[in-house]
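The values are calculated or read from the model by the stated rules, or taken from the named source; none is laboratory data. Being a predicted model, the structure only gives us computed values, none of them experimental. Using ideal geometry, Cβ is built from the backbone for each residue, glycine included, and neighbour counts are taken over all protein chains shown. Surface areas here come from the heavy atoms of the whole protein model, side chains and all, with no ligands, DNA or RNA. Shrake-Rupley method; radii C 1.70, N 1.55, O 1.52, S 1.80 Å.
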Amino acid sequence: QVQLVESGGGLVQPGGSLRLSCTASGFTFSLYRMSWYRQAPGKERLLVASISSAGNYINYVDSVKGRFTISKDNTKNTVYLQMNSLKPDDTAVYYCNAARRPLFNDAYWGQGTQVTVSS
């Protein structure tokens with residue numbers, strides 16, 4: 001069965017770093033665009049970063065540019081989100097997403113991992 005499993009969340013102080021991982025199974029990972037979304041309490045789910053199936057197109061929401069880096073390893077069926085210079089506003093549940101052509105609406109979701117940035 002299709003499965004996306006996130007890990008790496010936790011509590012970190014402002015200015016700190018975390019590395020999230022999402023490991024996929026049950027589908028052809030190399031054919032999917034992989035993304036990280038986050039949802040803070042009382043807020044809508046927001047696309048944070050995405051990487052194309054071939055890895056040649058990468059996008060970030062403006063608020064994380066220069067601080068977050070998305071990458072993936074097709075040999076491990078894993079996508080990563082390196083988060084540096086974390087701010088309290090980054091506090092959210094972070095979700096891994098997989099989607100494919102032509103409409104990118106055949107999407108799978110992970111269960112989410114909590115990131116809390118607080119002193």
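Are any residues in the stretch 81-119 open to solvent by 80 Å² or more (accessible area, probe 1.4 Å) and touching a Lys or Arg at 6+ places or on another chain (Cβ under 9 Å), and if so, which ones?
Those that are open to solvent by 80 Å² or more (accessible area, probe 1.4 Å) and touching a Lys or Arg at 6+ places or on another chain (Cβ under 9 Å): LYS87, ARG100, ARG101.
Select from the stretch 42-57 the residues that are exposed (fewer than 13 other Cβ atoms within 10 Å of the Cβ) and not polar (S, T, N, Q) and write down the one among them that is nearest to TRP109 (Cα to Cα).
Across the stretch 42-57, the extreme among qualifying residues is GLU44.
Looking at (1) farther than 15 Å from SER71 by Cα; (2) surrounded by fewer than 12 Cβ atoms within 10 Å (Cβ to Cβ), which one does ARG38 not meet, given that it meets all the others?
(2)
If you go through the stretch 43-57 one residue at a time, do you hit one that is free of Cβ contacts under 8 Å to residues at least 12 places away in the same chain, of a type outside the set (A, V, I, L, M, F, W, C), under 28 Å from PRO102 (Cβ atoms) and part of a strand (DSSP E or B)?
No, the stretch 43-57 contains no residue that is free of Cβ contacts under 8 Å to residues at least 12 places away in the same chain, of a type outside the set (A, V, I, L, M, F, W, C), under 28 Å from PRO102 (Cβ atoms) and part of a strand (DSSP E or B).
Among the residues that make up the stretch 73-80, is at least one of them charged (D, E, K, R), open to solvent by less than 50 Å² (accessible area, probe 1.4 Å), within 24 Å of SER25 (Cβ to Cβ) and modelled with pLDDT of 95 or more?
Yes, because at least one residue in the stretch 73-80 is charged (D, E, K, R), open to solvent by less than 50 Å² (accessible area, probe 1.4 Å), within 24 Å of SER25 (Cβ to Cβ) and modelled with pLDDT of 95 or more.
So, in the stretch 108-119, of the ones that are more than 19 Å from VAL2 (Cβ to Cβ) and assigned to a loop (DSSP other than H, G, I, E, B), which residue ends up nearest to the chain's Cα centre (by Cα)?
Only one residue fits best here, namely SER118.
Across the stretch 1-17, which residue is farthest from the chain's Cα centre (by Cα) among those that are in a loop (DSSP other than H, G, I, E, B) and among the small types (Gly, Ala, Ser)?
GLY15
Please work out which residue is modelled with the lowest pLDDT, limiting yourself to the stretch 47-67 and to residues that are among the hydrophobic types (A, V, I, L, M, F, W, C) and out of contact with any Phe, Trp or Tyr (no Cβ under 6 Å at 6 or more places or on another chain).
ALA54
Please go through the stretch 18-33 and pick out each residue that is farther than 16 Å from TYR95 by Cα and crowded, with 19+ Cβ neighbours inside 10 Å.
Correct list: PHE29 only.
On the basis of being surrounded by fewer than 13 Cβ atoms within 10 Å (Cβ to Cβ) and without any contact (Cβ under 8 Å) to a residue 12 or more places away in the chain, does ASP62 make the cut?
Yes: the conditions hold for ASP62.
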